[in-house]
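Have a look at the structure below, then the notes.
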Amino acid sequence: MSPIKNVVQALVKKAVELAPDTWLPGGKPDPLIEHRYGLIGAPVSRLDGALKVTGAAPFAAEFPIRGMVYAALAFSTIAKGRIRTLDTSAAEGAPGVVLVMTHKNAPRLQPTPIFNSSPKAVGPSDLPILQDDRIHWNGETIAVVLAQTQEQADYAKSLIRASYEPEPGMVAFAEAKRHARLPASVMGEPTTIEIGDAEAALAAAGHKVDITYETPHYNHNAIELHAITLYWDADGNLIVHDASQAVVQTAWTLAQAFGINEEQVHVSSPYVGGGFGGKTLWHHHVLAAAAAKISGRPVRLVLSREGVYRTVGGRTTTEQRVAIGASADGRFDALIHTGTAAMTAHNNCPEQFSFPARHLYSAGSIKIVQRVADMDMVANTFMRAPGESIGTFALECTVDAMAEQLAMDPIELRVRNEPAKDPTSGKPFSSRHLVEAYRNGAERFGWSKRSARPGILRDGEWQLGMGCASATYPYFRMPGGAARLTLTREGNATVQLAAHEMGMGTATTQAQITAERLGLPIECVTVTYGNSSLPGSFLAGGSSQTASIGGAVIAAHRELVSQLLKLAEQDSPVHGLKVDEVGSVNRGLCKLDDPGRCESYAAILSRADRDELTVEAKASQPLEMLHWSMHSFGAMFAEVRVNAVTGETRVSRFLGSFDCGRIVNAKTAASQFRGGIVMGIGLALMEETQFDERNGRIMNPSLSEYHIPVHMDVPDIDVIWTDIPDPHTPMGAHGVGEIGITGVGAAIANAIYNATGRRIRKLPITLDDLLPATGP
Ligand code: MOS
């Protein structure tokens with residue numbers, strides 16, 4: 001970015017921070033916040049539920065295309081170096097094979113622009129894709145085989161023989177972290193924050209805790225494997241059926257790779273079998289499109305489970321230090337959160353583990369430093385609450401340790417250090433009711449029954465304990481939102497936008513919101529989404545989609561009302577009224593302060609002799625994010641049983657008490673919270689990608705060796721929420737998709753400490769960490 005642009009942006013940022021609330025989006029509360037007994041918050045069941053359970057919902061690998069061939073990928077077995085020989089002759093001669101594509105015959109391609117390098121960039125890395133003989137990570141694709149059947153492609157791929165000239169790669173985190181560097185920023189935020197002299201304050205503090213934590217690499221394991229079915233049409237357009245949480249961005253980035261216009265790439269993704277941050281653009285997209293181009297055949301590429309581990313990144317390895325200095329009354333004099341995350345030199349995902357410490361506690365002095373260490377590995381990426389999930393593990397375990405040292409209840413310690421305004425930015429919080437979430441949660445969970453002293457409660461050979469931790473995740477509304485809204489004379493509405501349904505309930509909640517905003521029954525509203533050709537640019541990421549769509553529908557609804565008022569002639573009861581003077585109620589428009597002055601949409605359209613009215617509008621810029629400190633919050637409570645003989649940990653109860661603004665759908669939000677907590681149990685106790693540190697190869701690329709929680713590992717999970725609307729967001733809502741995993745690792749680790757007296761400082765916490773101490 002140019003220095004001048006930097007200065008201008010800094011000025012705009014400052015102006016937005018200082019601007020009066022009412023000048024900003026969210027400055028005037030969304031009228032829907034006042035709708036108390038309508039569709040907002042109702043536990044509406046998934047509108048796509050029947051399609052899903054009957055198998056009628058088409059996923060990316062289920063679109064049949066005439067003449068389609070199937071792809072299989074061959075992967076490098078070294079981390080760095082060159083391909084010396086690549087023998088594909090046997091594969092080319094195998095039954096059914098249509099094409100074997102390697103760096104020797106792949107079309108010339110541009111690297112994919114990496115995420116954040118421009119508004120629609122979503123490339124995982126800017127590495128060349130099958131353009132030369134160089135290898136950048138162990139598992140990089142070296143060949144694509146196309147064949148008539150999947151089995152033929154898989155078999156032919158097994159016949160490919162490669163030899164390499166390996167070079168020393170950086171494949172061990174212990175070594176890489178010695179060369180850690182400060183990245184340009186951490187997702188647009190500074191890498192380093194120093195308020196006062198935190199190290200000196202720590203040294204001088206009456207009470208101090210200073211702990212270093214380790215967290216491993218975690219892999220994405222969505223039930224639906226990454227899949228695409230695509231073809232080039234006669235006009236040179238690329239038609240892609242994808243499993244995507246970023247359809248517009250994927251279309252744009254693919255266009256860059258092939259040097260074509262973004263309008264020439266059409267990405268559809270109506271259903272996604274789980275995303276969690278992993279279903280963005282990866283090399284297989286580009287490879288499938290390239291193979292389709294040179295073979296002239298439609299291609300289906302479904303990554304094998306191993307293929308996901310080899311070519312799709314996950315949550316990256318970290319080492320984090322959290323230190324707290326406190327006075328005897330519990331007030332924090334110093335809060336320090338520093339550390340290093342593994343990354344590659346070719347991507348842009350520094351795993352923002354230091355974000356929670358920027359916003360959770362007031363402290364006399366604060367020091368935050370976040371570094372990255374470059375490694376030769378598949379580009380790491382977003383995975384449900386990147387940063388916050390493991391950052392809260394380190395931070396919230398340390399707070400627990402400090403509470404014990406002070407002999408204070410850990411909830412009371414948190415309450416004592418609750419900030420009045422954002423401790424690092426100084427901005428006001430838009431809506432923060434974390435203490436209320438703690439009070440509600442403690443009451444419901446029976447926190448008062450916890451033994452303050454660890455290692456006391458037993459049930460036979462099971463040691464029992466309780467722990468708690470804060471959950472937090474930022475509020476995001478993405479720029480680029482837009483929506484098209486069509487209202488028919490029959491009183492039906494369709495809203496069209498390039499958004500995503502990857503299992504979280506977007507289509508359902510947006511139907512509720514749109515219906516409520518238009519004053520229509522939900523049966524009258526259709527949400528069309530999942531296609532890059534639709535208006536707007538959304539990301540099913542950053543827990544932003546509900547607010548981003550909400551902002552777009554607010555704009556489209558306003559435009560619709562304006563157009564309707566223009567159509568309302570002299571004899572209409574709403575003739576001559578301004579947009580701000582009317583509301584949408586009961587299938588029509590009414591004057592706000594005179595409910596007698598109403599006219600139905602049907603009447604307005606009939607009189608104007610219109611069958612339907614279509615409007616399109618862009619969402620306001622999300623300036624509210626610069627003006628307020630905006631976050632979802634939660635208080636997490638875990639009860640565990642740790643076997644004193646085997647070291648086995650069982651989570652016996654879990655409660656998430658959330659403060660995420662207004663909850664839009666009680667059923668789908670509860671599922672999001674629970675899903676996050678289940679994933680948090682995996683993060684805490686089971687999941688770990690294991691690398692062979694001789695060569696950087698992932699050793700457990702399958703669900704038989706990479707453990708995730710199964711039903712037997714998951715207890716009843718209770719979720720509650722404050723339901724206090726944020727006056728500055730669409731619907732008063734905050735994101736709910738990612739916060740559920742945050743705080744879970746710490747709540748479980750703190751409960752394990754409470755049960756056993758053993759504080760484990762690394763994830764996952766496994767049997768061997770908790771086996772009875774042996775030896776002298
Ligand atoms: Mo989320 S990790 O931004 O899909």
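The values are calculated or read from the model by the stated rules, or taken from the named source; none is laboratory data. In this text, all values refer to a predicted model and were calculated from it rather than measured experimentally. Cβ atoms come from the backbone with ideal geometry, glycine included; neighbour counts cover every protein chain shown. Ligands, DNA and RNA are excluded from the accessible area calculation, which covers all protein heavy atoms including side chains. Shrake-Rupley method; radii C 1.70, N 1.55, O 1.52, S 1.80 Å.
A few remarks follow.
- Between 441, 630, 42, the Cα set farthest toward the positive side of the dipole of the chain (charges on each charged residue's Cβ, about the Cα centre) is that of 630.
- Projecting the Cα atoms of 135, 205, 215 onto the charge dipole of the chain (Cβ charges, centred on the Cα centre) puts 135 farthest toward the positive pole.
- Using the Karplus relation 6.51 cos²θ - 1.76 cosθ + 1.60 with θ = phi - 60°, the per-residue 3J(HN,Hα) values for region 603-618 come to 5, 4, 5, 4, 4, 7, 6, 10, 6, 7, 9, 10, 10, 9, 8, 9 Hz, with x marking Gly and Pro.
- Under-5 Å amide H pairs with residue 762, H placed in peptide plane, nonlocal only: 214
- Annotation: amide H of residue 47 within the under-5 Å range of 508, sequence separation 5 or more or interchain, hydrogens built in the peptide plane.
- Helix-derived mean residue ellipticity, 222 nm - over the chain, DSSP H n ≥ 4, -39500 (n - 2.57), to 500: -8000 deg cm²/dmol
- Rounded to the nearest whole angstrom, the semi-axes of the ellipsoid equivalent to region 448-509, taken from the Cα gyration tensor as √(5λ), stand at 52, 16, 11, largest first.
- Alpha-carbon Rg with Dmax, taken over region 579-641, Å: 21.6, 70
- Distant-in-sequence amide contacts of residue 475, defined by a placed amide H-H separation under 5 Å and a gap of 5 or more residues or a different chain, comprise 630, 631, 632.
- Phi-derived couplings, Karplus 6.51 cos²θ - 1.76 cosθ + 1.60 at θ = phi - 60°, listed residue by residue for region 160-165: 6, 10, 10, 10, 10, 10 Hz, with x used for Gly and Pro.
- Ordering of 230-237, 327-334 by packing is 327-334, 230-237, highest average first (other Cβ atoms within 10 Å, averaged per residue).
- Three-way shape label, the chain, alpha-carbon gyration tensor, a/c 1.5: oblate
- Percent of C-alpha pairs per 10 Å bin, region 331-485, short to long: 9, 31, 31, 20, 8, 1, 0
- Shown in residue order for region 421-428 are the 3J(HN,Hα) couplings computed by the Karplus curve 6.51 cos²θ - 1.76 cosθ + 1.60 at θ = phi - 60°: 9, 4, x, 9, 8, x, 6, x Hz (x for Gly and Pro).
- Classified by the C-alpha gyration tensor, region 1-139 has an oblate form. Its axis ratio a/c, with a ≥ b ≥ c, is 1.5 or above, and a/b does not exceed b/c.
- The mean of 1/r over all pairs of different alpha-carbon atoms in region 370-444, once inverted, gives a Kirkwood hydrodynamic radius of 15.4 Å.
- Using the average count of surrounding beta-carbon atoms within 10 Å as a protection proxy, the listed peptides 544-555, 168-179 rank, highest first, as 544-555, 168-179.
- Membrane-span-like helices in the chain (whole DSSP H runs, Cα extent of at least 15 Å along the helix axis, mean Kyte-Doolittle hydropathy of at least -1.0): 3-18, 247-258, 283-295, 388-406, 434-445, 506-518, 545-567, 666-685, 744-756.
- Applying both filters, DSSP loop and at most 16 other Cβ atoms within 10 Å, to the trypsin sites (Lys or Arg not before Pro) of region 606-635 gives 610.
- A 1.4 Å probe over all protein chains sorts 101, 699 by accessible area into 699, 101, starting with the largest.
- When the chain is described by a simple charge dipole with +1 on each Lys and Arg Cβ and -1 on each Asp and Glu Cβ, the residue from 584, 11, 71 located farthest towards its positive end is 11.
- About its Cα centre, the dipole of region 638-776 is roughly 160 debye, where the only charges are +1 on Lys and Arg Cβ and -1 on Asp and Glu Cβ.
- Region 96-157, Cα convex hull volume normalised per residue, Å³: 112
- With a Förster radius of 51 Å applied to the C-beta separation of residue 567 and residue 110, the computed FRET efficiency comes to 0.60.
- Cβ crowding within 10 Å averaged over residues, with 250-262, 622-634 ranked highest first: 622-634, 250-262
- Inter-probe distance in nm under a simple model that places probes 7 Å from Cα toward Cβ, at residue 179 and residue 713: 3.4
- Only Lys, Arg (+1) and Asp, Glu (-1) charged, at Cβ; the chain dipole about Cα centre in debye: 460
- Accessible surface, the chain, averaged per residue in Å² (probe 1.4 Å): 38
- Given +1 at the Cβ of Lys and Arg, -1 at the Cβ of Asp and Glu and no other charges, the dipole of region 132-208 around its Cα centre is 160 debye to the nearest 20.
- Restricting the chymotrypsin sites (Phe, Trp or Tyr not before Pro) of region 1-107 to loop positions (DSSP other than H, G, I, E, B) with no more than 15 neighbouring Cβ atoms within 10 Å leaves 37.
- Taking other residues whose beta carbon is less than 12 angstrom from the beta carbon of residue 668, and scoring Lys, Arg as +1 and Asp, Glu as -1, yields +1.
- Equivalent ellipsoid semi-axes - Cα gyration tensor, region 653-756, angstrom: 31, 17, 13
- Anisotropy class of region 408-454 from Cα gyration tensor, a/c 1.5 cut: oblate
- Volume of the Cα convex hull of region 207-307, divided per residue and given in Å³: 148
- Orphan Cys of the chain, criterion: no other Cys C-beta under 4.7 Å: 349, 397, 468, 524, 660
- Cα centroids of region 713-734 and region 36-78: 26 Å apart.
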